[in-house]
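Quick note: the coordinates plus some simple rules give every number you see, no bench work behind them. None of the values given here were measured: they were computed from a predicted structure. Virtual Cβ from ideal backbone geometry, glycine too; neighbours counted across all protein chains shown.
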Amino acid sequence: MAETGVLAMADAIGVLNMNRYGRWEIIREGCVPYELSSGSRVLLEVDGVLRLTSVEYARDGRGFYSVNGYLLAGGLRAAPPGDAEDGQKLT
């Protein structure tokens, strides 16, 4: 964490993880997991760039999905909105 108590952009990016309750969450070192629910907005890694999307829950057995068709998979880099920028390149 930065001295001001605000996460630096690099620290704000975590990884997507499926928790034991079957919900996606973003895990970041030193932070409480950011759990996604239906309607949540999130920045997801797409081809090395963070892209803003919303997630919804399909009750037909598909579970959570990105409304933009982006992949939800454990280990993808992700960030809550406001903690990183749409279009931000990842290295």
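Structure notes:
- Checked against (1) within 20 Å of residue 12 (Cβ to Cβ); (2) part of a strand (DSSP E or B), residue 32 passes all but condition (2).
- Cβ separations smaller than 7 Å between residues 6+ apart or across chains give the following pairs from segment 61-72 residues that are over 14 Å from residue 49 (Cβ atoms) to residues that are exposed (fewer than 11 other Cβ atoms within 10 Å of the Cβ) and among the hydrophobic types (A, V, I, L, M, F, W, C): 65/58.
- Residues in segment 77-90 that are in a loop (DSSP other than H, G, I, E, B) and in contact (Cβ under 8 Å) with a residue 24 or more places away in the chain: 80, 81, 83, 84, 85, 86, 87, 88, 90.
- Within segment 12-55, the only residue that satisfies the criterion of being of a type in the set (Val, Ile, Thr) and free of Cβ contacts under 8 Å to residues at least 12 places away in the same chain is 32.
- Count of segment 47-69 residues which are assigned to a strand (DSSP E or B) and either in contact with a Leu (Cβ under 8 Å, 6 or more places away or on another chain) or within 14 Å of residue 81 (Cβ to Cβ) (or both): 10
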